[in-house]
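One structure is given below, encoded as structure tokens.
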Amino acid sequence: MFKKLGLFALLVTFLSGGVLFSQAPNISEQPAQPGNTTAVNNTAMIAIENFNPQPMSDPRFVVSNFSLDRRYAPDGKGEILDVYFDIYNNTSEAIELYAWVMAYTETNAIDKDERRIVPYPTWRVENPDKRLFLNRYITITPQNIAADQIWTKEDPDYKRHMYAIERMRSTVGSIKPIGDVFPPAWKYVAYINRFPTKGLLLKLYGDQGPAQNELVQTNYVPPTPEEKRTKIFKNVPAHTYTLEHTRRKLIFRSHHYSAYRADFEFFNNVAIVLFDAKKAAEAEEQSKRELREGEMPAQPMVYYRTIRANKKLRIY
């Protein structure tokens, strides 16, 4: 009888712990310890254990009509991925959002050339390298984020990913160049969730449409007369977005430049993250202080989607 009561109490304790864990914030990080040298940008290390982005459903708008186009860059030094999608306003009022779009090249940690030279043991059924995904290249709209803002050399994820890259570089008989590895995409999502207001601020117009000078929102820099003459365009990589505004609709175009390099591989993943502007400002204000009694933490993320290109994109 006492054994059954003990087991019942243990089960209740376990379930209670599970409920409490499920009520934690969507994205959180390990608390920084005094003297901790692994802190990134004065904040705690971004860890996978507590990463669970769950955007709050926002019926005010709908995101649809996704499209990915690959084209040659006008400067002849790389290729560009154009990400298209529409945002529809379901209300009559204007909505302000912060937008982030990430395009990245992701592969697993298996080196096919290495396995041709040194085959994988037949007695090992599971290959852990299949579950380790490496971010080989990434560009972000509206602006790139330096890798040292995401992780440091003391980060366990950094050590694990760099170990995989260094192993590829030291493969017997390997002569191909192996580029550096970037932080995994989920770390970038956790970082921008921490600083959402650094994204692209946009207005989704309602019944009152945009003025004539608000129809197009872009950071495009037209070529100078000298660039037109020499055909050397210096600002192509800096053009990262073009937005077309209409009444209750926004056409979003995100441009991601990938320069030709020795280990060139084109993008195969795109992540789109949207934040409510008012809640984003509130969340950043809360992060600078302790929550007041009865105050709930703001949840500014209202949209998060990853698009994977299962087939190699054709270039035009």
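The values are calculated or read from the model by the stated rules, or taken from the named source; none is laboratory data. Source: prediction; values computed, not measured. In this analysis, Cβ positions are derived from the backbone assuming ideal geometry, glycine residues included, and neighbour counts consider all displayed protein chains. These accessible areas exclude ligands, DNA and RNA; they are computed on the full protein's heavy atoms, side chains included. Shrake-Rupley method; radii C 1.70, N 1.55, O 1.52, S 1.80 Å.
Here are some notes:
- Solvent-accessible ranking of 79, 49, largest area first, probe 1.4 Å: 49, 79
- Top positive-direction residue, dipole computed over the range 62-308 with Cβ charges, set 66, 95, 80: 80
- Legend: residue pairs 187/279; 77/176; 130/288; 228/312, Cα-Cα distance threshold 31 Å; pairs beyond threshold, 130/288; 228/312.
- Between residue 47 and residue 108, residue separation times 0.36 nm minus the direct Cα-Cα distance comes to 20.0 nm.
- Efficiency of FRET between residue 311 and residue 132 - r from beta-carbon atoms, R0 35 angstrom, step 0.05: 0.90
- Pairwise FRET efficiency - residue 216 versus residue 286, Cβ, R0 = 30 Å, nearest 0.05: 0.30
- Accessible area of residue 72 in the full protein assembly, 1.4 Å probe (Å², nearest 10): 130
- Inter-label distance for residue 69 and residue 224, nm, one decimal - labels placed 7 Å from Cα along Cα-to-Cβ: 2.9
- Computed FRET value (nearest 0.05) for residue 293 with residue 198, which takes r as the C-beta separation and R₀ as 30 Å: 0.50
- Using θ = phi - 60° in the Karplus curve 6.51 cos²θ - 1.76 cosθ + 1.60, the 3J(HN,Hα) couplings for the range 294-305 round to x, 7, 8, x, 5, 10, x, 5, 10, 7, 8, 9 Hz; x is entered for Gly and Pro.
- Computed on protein heavy atoms with a 1.4 Å probe, the accessible areas place 123, 151 in the order 123, 151, largest first.
- Measuring nothing but how far apart in sequence close Cα pairs (under 8 Å, 6+ apart) lie, relative to its length, the range 157-316 scores a relative contact order of 19 percent.
- Ranking by accessible area, most exposed first, for 155, 263 with a 1.4 Å probe: 263, 155
- Split the accessible area of the range 62-308 by element, probe 1.4 Å, and carbon with sulfur accounts for 53%.
- Spacing of the two label points (7 Å from each Cα toward its C-beta) at residue 149 and residue 235, in nm: 2.2
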